[in-house]
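Working notes, structure below.
The values are calculated or read from the model by the stated rules, or taken from the named source; none is laboratory data. Values in this document were obtained by computation on a predicted structure and should not be read as measured data. Backbone-built Cβ (ideal geometry, glycine too); neighbour counts: all protein chains shown.
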Amino acid sequence: MADTRTIQRRIWAGLYTGVKRFTWGHFLVAAIILASLILLAIQTEPELSPIIRSRLNFIDALIPVFFAAEFSLRFWAAGADRRFAGLAGRRRFTFRWVTVFDFLAFAPEIIMLVLFPELWAGARWVRLFRLFRLLKLFAMFPAFREIGMAVRDAGRQLGATLAMATLLLFSAAVMLYVAEADAQPEAFGSVPRALWWAVATLTTVGYGDVYPITVMGKVMAGFVAILGVGLVALPAGILASSFAERLRRRK
């Protein structure tokens, strides 16, 4: 029993993402995550030969199995931490956001491999769940955790900024709908259609695929574009201030 508890503590120390140092387990998991993302990029190349593609698919199928095994080990080893010991502790561990994202990073692919192996290789939408592995990667690095804590500290201000951005987006779409609906019904014939222009303008992206041509539309668009500069700068300033405050507290 003592040996089992020792192994449990060692696995937990090596795999738990809440530790402040980079462990051997973190290094292994980070390497597999990066390899899986590189593999995803290579597999999208249409010029790959069938032999190479089949070999890559074989390696690709092993990766979610690795993450499933790592997840199972970490779930078992969580009992070494008093916060997650017992049934109530395991439940608390299971519903942490990091645990949920870890599960989503491999579970859909495992399900496809087991139930629909013939469809797995061509199911591109399943590959989207691999992006959850990036969140797993971020959770391992203390610097990224500090950024996450800064976002949490500034949650109320960021929520107010998001609400203001939503109001501005809707208002901009309505204004351009009123000004341009008759001149450009395809682009501004409804508020939902005008929302695309509002998003591209307020975020200062400005694709140029849709733009106003009437005098009133241009005046309104100029006003919206000026507001967009402040809209982008405001969240950045809030996050920078929150991050600086956290660094000041640590010192």
Subject >> Residues of the stretch 224-251 satisfying the condition of being over 30 Å from F144 (Cβ atoms) and surrounded by 12 or more Cβ atoms within 10 Å (Cβ to Cβ) >> reply: V224, A225, L227
Subject >> Any helices (runs of 4 or more DSSP H) falling wholly within the stretch 1-87 and containing at least 1 residues that are touching a residue at least 60 places away in the same chain (Cβ under 8 Å) and under 30 Å from L119 (Cβ atoms) >> reply: 24-43, 50-77
Original post:
If we only count helices (runs of 4 or more DSSP H) wholly inside the stretch 136-251, which ones have 3 or more residues that are hydrophobic (A, V, I, L, M, F, W, C) and either closer than 30 Å to F106 by Cβ or touching a Pro at 6+ places or on another chain (Cβ under 8 Å) (or both)?
Top reply: 142-153, 155-180
Subject >> Of residues in the stretch 196-217 being of a type outside the set (A, V, I, L, M, F, W, C) and surrounded by 16 or more Cβ atoms within 10 Å (Cβ to Cβ), the one farthest from the chain's Cα centre (by Cα) >> reply: T214
**OP:** Considering (1) touching a Phe, Trp or Tyr at 6+ places or on another chain (Cβ under 6 Å); (2) free of Cβ contacts under 8 Å to residues at least 24 places away in the same chain; (3) aliphatic (A, V, I, L, M), say which one L135 fails and leave the rest.
**Re:** (2)
Subject >> Hits in the stretch 93-113 - residues which are surrounded by 15 or more Cβ atoms within 10 Å (Cβ to Cβ), in a helix (DSSP H, G or I) and not hydroxyl-bearing (S, T, Y) >> reply: F93, V98, F101, D102, F103, L104, A107, P108, E109, I110, M112, L113
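Somewhere in the stretch 41-52, is a residue surrounded by 14 or more Cβ atoms within 10 Å (Cβ to Cβ) and modelled with pLDDT of 85 or more?
Pass one, the stretch 41-52, residues surrounded by 14 or more Cβ atoms within 10 Å (Cβ to Cβ): 43, 48.
Remaining after also requiring modelled with pLDDT of 85 or more: 43, 48.
Yes, there is a match, as at least one residue in the stretch 41-52 is surrounded by 14 or more Cβ atoms within 10 Å (Cβ to Cβ) and modelled with pLDDT of 85 or more.
Here is a yes/no grid of residues against (1) in contact with a helix residue (DSSP H, G or I) (Cβ under 6 Å, 6 or more places away or on another chain); (2) in the same structural domain as E180 (by TED's automatic domain parsing); (3) under 22 Å from D182 (Cβ atoms):
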| site | (1), (2), (3) |
| --- | --- |
| A194 | yes, yes, yes |
| T204 | yes, yes, no |
| G208 | no, yes, yes |
| V215 | no, yes, yes |
